1. Name every residue in segment 90-131 that is among the polar types (S, T, N, Q) and modelled with pLDDT of 95 or more, in order of residue number.
2. Which members of segment 212-245 meet the condition of being outside any helix (DSSP H, G or I) and at pLDDT 75 or above?
3. For segment 179-191, which residues satisfy the criterion of being modelled with pLDDT of 65 or more and open to solvent by 40 Å² or more (accessible area, probe 1.4 Å)?
4. Within segment 15-57, track down each residue that is part of a loop (DSSP other than H, G, I, E, B) and either among the hydrophobic types (A, V, I, L, M, F, W, C) or open to solvent by less than 10 Å² (accessible area, probe 1.4 Å) (or both).
5. Among (1) open to solvent by 70 Å² or more (accessible area, probe 1.4 Å); (2) over 19 Å from residue 200 (Cα atoms); (3) modelled with pLDDT under 95, where does residue 158 come up short?
6. For segment 58-89, which positions are outside any helix (DSSP H, G or I), modelled with pLDDT under 85 and surrounded by fewer than 15 Cβ atoms within 10 Å (Cβ to Cβ)?
7. Does segment 110-152 hold any residues that are under 17 Å from the mean Cα position of the chain (by Cα) and open to solvent by less than 70 Å² (accessible area, probe 1.4 Å), and which are they?
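The values are calculated or read from the model by the stated rules, or taken from the named source; none is laboratory data. Bear in mind that the values here come from a model prediction, so they are computed numbers and not experimental data. All Cβ positions, glycine included, derive from the backbone under ideal geometry; neighbour counts span all protein chains shown. Ligands, DNA and RNA are stripped out before the accessible areas are found, and what is left, the full protein with its side chains, is counted by its heavy atoms. Shrake-Rupley method; radii C 1.70, N 1.55, O 1.52, S 1.80 Å.
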Amino acid sequence: MVSLDLKPVATVNTSTRIIEQFIEMLRTNKLKPGNCLPSEASLAKSLGTSRATIREALSGLKALGVLESIPGKGNFIKKPSVHYELDNIIDAVRSRMTYLEALEARRAIEGEICYLAAKRRTEASLREIKNSLDKCKNIKTVDEFINVDYEFHLALAKASDNRLFIQFIKEALLKLEHPYYNIIRLAEDDSSSVERLFGKSYNNHEAIYEAISKADAPLARKCMIDHLQAAKQKFTEYNEKTLLN
């Protein structure tokens, strides 16, 4: 087991700062491919943070392609690939929003999108939402999920008749969701679990559509917030699953 010179981190953006420490140790060869990291409990103690935060940081390292979990053995630094650019990874880590931070923003913005969509929807916008909802029924892969999820949320924004909300979905949604999609891909070998996620997503989307079609603005907002809360819970579950030893 490799011995690491880790420093406690501040509580703001903790997981991101933990990732930065690991990437810097890789850059300076204090960590090398094949090194096994200490246990979650040991890392949490060394860094002065919770095991949940450690899991989030380890998940981020896996998504960045610098860490792999071997069942029954632990978390190991991966051998660099041809496209492995540590300086670029550091820049990406320092500029990225965590998925949980993104969810906070989405709760505020997309809750209001649904509230306004219920008040302002037209027959044409309802048809567009319904068409995108129907595409959610038979999703089989993560790539399909990404496309139809984007279409549905964009249709909601269009129904809100607010150009800034539409622009938010067009420019920010896929970027904000990127960590979530990475985690789903890591867990995609468990097809039954992923298919349950798709089914749950469809049910949530359907509830949002029904509330908007009935012009029930408060319910539409609540359904969206419930949907994003469910996504948060599923993200946490997948996060833990991909890091099981």
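1. Hits for segment 90-131 are 122, 125, 131.
2. 214, 215, 216
3. Within segment 179-191, just 185 meets the criteria.
4. Within segment 15-57, 31, 37 qualify.
5. (3)
6. 65, 79, 80, 81, 82, 83, 85
7. Passing the criteria: 110, 141, 142, 145, 146, 148, 149, 150.
Residues are listed down the side, and each one gets a yes or a no for (1) closer than 16 Å to residue 217 by Cβ; (2) without any contact (Cβ under 8 Å) to a residue 12 or more places away in the chain:
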{"position": "104", "(1), (2)": "no, yes"}
{"position": "111", "(1), (2)": "yes, no"}
{"position": "114", "(1), (2)": "yes, no"}
{"position": "117", "(1), (2)": "yes, no"}
{"position": "122", "(1), (2)": "yes, no"}
{"position": "125", "(1), (2)": "yes, no"}
{"position": "135", "(1), (2)": "no, no"}
{"position": "138", "(1), (2)": "no, yes"}
